[in-house]
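**Student:** Quick one: this structure, given as structure tokens, is what I'll be asking you about.
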Amino acid sequence: MKNLFYALSIFLFTFTSLNAQIFNQNGTVYLKNQKQLDGKIYFLDSLIKVKPNTGNSELIELQNIAHIELENNIKFIIQYITIDSNRFNSSRSCSDENVKSEKLFMLSQVLIESDISLYKANFQDKTFYYIVYKGKIQPLYNSKCVNLKARNQEEYKRILYNLFKDKGFDSADFVLLKYTDEDLIQIITKINQENQIVTYNNNIKEKAIAINPFVGLKLNSYSTEEINKSDISSTNANLNFGVDFSLALNKRNTFFMFLRTSFESLNIEAKGTKLTEFVVATHIHEKAEMNGFVVTPALGARIIIVDKGNFRTYLDGAFEYNLPLNGTYRFYQNGTNSPEFSVSDIHLQFERDINATLSFSSALGVSFNKWTTEIRYQTNRDFGNDDSSGRGVTPGFIGGLSFNVLYRIM
């Protein structure tokens, strides 16, 4: 009898291996009696075969297994499911309401574990998906009745709409949905986000409220203007860091309001020389310096343009208030016969504090898991239009480009 059992198992293995979900893969089988078996795992329809590195292979019935974890971190559970096998008949008439219920222990791959969980299994050599919601198992049938003319032909789209329309989803959200891991993971992730948090694919988390400290490098393109003289300009790199708070304004977490505060170490220097021809040739040497610490609170809006679960891209825009702390502007100038620029050639003409100013910034960001990189452009920051020197000189920035890295802490 025992030999017959093993012979039958080998037959089942040979017949089902082409469609098996686990075939010759390393992993661990966790049994309901708290025992665990390590080795190569084979799915034999209603049995799991575990072949350890040493010792004899073991055959386990599905109902005795708690779950299976493969070496590549893919997890399987054993679920006792009631399905309507008629829903797997593609030629079923729309008027055919006959239900052919079958109850089976099924090996199911875990795609999402959360308030609404998503699983993948095989039935009659076909892949199908099901969700567990509020303690109930709901198969997502990929069937069409032959004379159905509705836009949403597949049953899984109507099932999802009927289950989650109270969460703000409408039928249009499911029209283009495909019966694939990627599409179903994405839509179930979004539905879970209505409950503020979802865990999927190895504990990646996304929240409707996020706090993101950041650090980056800011390239400030500086320019100063002097009446009847040449402009002098320079590009300087300064440290930029801060924190970004964002709050979702819609149920699908695609539109955010954010409050951002950045701190910038300001260290700007620009110099230049102009040749004038009045009575004699004179080289006008000029240098401008701006130093201090700038605090910039900002309020803006952010829109998600690509959302693939743990991968996102966004665009945003914000109004900013740039407040210098101990900010000082100095302007040096002198005329000599020497064309070479030398510190000894110039003298301090005036020195004054720099003023607070308003600006606007926009950014393109790319997020993966908890990390985000962004490029942010800041418009002109004129730190003082008044000419307190009486020499027709005003300091200013012509834009600033930041390269920032953000990390979500909650």
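**Student:** What is the spin-label model distance, in nm, from Leu104 to Gln25 if the labels are put 7 Å beyond Cα along the C-beta direction?
**Tutor:** 1.8
**Student:** FRET efficiency for Phe241 and Ser46, Cβ-Cβ distance as r, R0 = 41 Å, nearest 0.05? Don't skip to the end; give the middle numbers.
**Tutor:** Values: r = 59 Å, r/R0 = 1.43.
Efficiency, from the Cβ-Cβ distance: 0.10.
**Student:** While we're on this one: Through the Karplus equation 6.51 cos²θ - 1.76 cosθ + 1.60, θ set to phi - 60°, convert the phi angles of the stretch 172-178 into ³J(HN,Hα) values in whole Hz; use x for Gly and Pro.
**Tutor:** 5, 5, 10, 4, 8, 5, 9
**Student:** Can you give the FRET efficiency to the nearest 0.05 for Asn33 and Lys144, using r as the Cβ-Cβ distance and R₀ = 25 Å?
**Tutor:** On the way: r = 43 Å, r/R0 = 1.74.
E between Asn33 and Lys144, to the nearest 0.05, is 0.05.
**Student:** Amide H neighbours of Tyr141 under 5 Å, at least 5 residues apart or on other chains, H built in the peptide plane: list them.
**Tutor:** Hits under the 5 Å cutoff: Tyr156.
**Student:** What is the gain in length, in nm to one decimal, between Lys178 and His67 on full extension, counting 0.36 nm per residue of separation less the C-alpha to C-alpha distance?
**Tutor:** Details: separation 111, 0.36 × 111 = 39.96 nm, distance 2.79 nm.
Length gained between Lys178 and His67: 37.2 nm.
We did not get these values from a lab; they are worked out from the coordinates using the rules stated. Predicted, not measured: the structure shown is a model, and the values here were computed from it. Positions of Cβ are generated from backbone atoms using ideal geometry, with glycine treated the same way; all protein chains shown enter the neighbour counts.
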